[in-house]
Amino acid sequence: MNDPSRPIDPDDGPQERAIRVVVADDHPVFRIGLRTLMSTEPGIELVGEAEDGDQALELVRSLHPDVLLLDLNLPRTNGLDVLRRLETLNLDTRPVLLTASIERHQMRSALVRGAWGVVLKQTATDLLTKCIRQVSRGEYWVGRESVGDLVDALRNPERIEAQAGGLTPRERQIVGLIVTGASNKSIAASLGLNEQTIKNHLRRIFDKLQVANRVELALTAVEKGLVAPGDIPPSTQS
């Protein structure tokens, strides 16, 4: 039987521009499923597997993957502690928490400690690969399947509060698009603006809401009822 913590040979097949991924999960069947998925996904390469947090840290240090898919409940060193230790390594690897379930306080802790997104294990495979690609480009993942209650909260009118948080109508539109996982480029195209204008808006929004990144912005917006379904342009809703 193969050692689940061993590095996978990075010289197997063409590697040019492939997104290099390490998976850390203590369930062998789940790792096998991810291995199978990535073996058929163009441009994504699984370069290492770990069955506990300590092995995950070792592989990240030695392989420098682009993305780390990290289970929350790992043996020896859990996912949140792995994130904390990764912060001190100053690497370019972008961690994504991969979990069957997560409490809101755990999600916030993960974001504060450097996670680039949260993906539920029941997420459809096409959304998981979309998450990997988006995070590898330096974009936070806030897809509706990764943080499933965000869009649900937006579409449930009785959960929308009257507060606007000091946001202008344009800023609420931008926040609504952030909740759907849209990039700056796609937001600019949807609203007929340029990307620099979107960046300027986001800086002001971050300052107003006292948030550090796009994922925390999306969570805060839904928790405080700062956006309503009408704030999301129709072309972006499914």
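FYI, it's all coordinate maths here, none of it is from the lab. For clarity, every value in this text was computed on a predicted model and none was experimentally measured. For neighbour counting, all protein chains shown are included, and Cβ atoms are generated from backbone atoms with ideal geometry for every residue, glycine included.
Specify whether the C-alpha gyration tensor of the stretch 22-67 places it in the rounded, prolate or oblate class, a ≥ b ≥ c being the square roots of the eigenvalues: rounded for a/c under 1.5, otherwise prolate if a/b is larger than b/c and oblate if not.
Numbers: a/c = 3.49, a/b = 1.23, b/c = 2.85.
Cα axes put the stretch 22-67 in the oblate bin.
Across the stretch 123-133, coupling constants 3J(HN,Hα) worked out from phi with the 6.51/-1.76/1.60 Karplus curve, θ = phi - 60°, read 4, 4, 4, 5, 6, 5, 5, 5, 4, 4, 5 Hz, and Gly and Pro carry x.
Only bridges with both residues in the stretch 38-130 count here: give the DSSP antiparallel percent, nearest 5. Present the calculation step by step, with values, prior to reporting the outcome.
Working: 0 of 8 bridges.
Here the antiparallel bridges make up roughly 0 percent for the stretch 38-130.
Assign one of three labels to the stretch 19-136, namely rounded, prolate or oblate, based on the Cα gyration tensor with a ≥ b ≥ c the square roots of its eigenvalues; rounded applies when a/c is under 1.5, prolate when it is not and a/b is larger than b/c, and oblate otherwise. The shape class here is rounded. Using the Cβ-Cβ distance between Arg108 and Lys199 with R0 = 22 Å, the FRET efficiency computed as 1/(1 + (r/R0)^6) comes to roughly 0.35.
For Arg94, the residues whose modelled amide H falls within less than 5 Å of its own, excluding neighbours fewer than 5 places apart on the same chain, are Val67, Leu68. Taking amide H positions as modeled 1.01 Å from N, with prolines and chain starts lacking one, the residues under 5 Å from Leu74 and 5 or more places away or on another chain are Gly79. Averaged over residues, the count of other Cβ atoms within 10 Å places the peptides 176-182, 111-117, 74-80, 87-93 in the sequence 176-182, 111-117, 74-80, 87-93, highest first.
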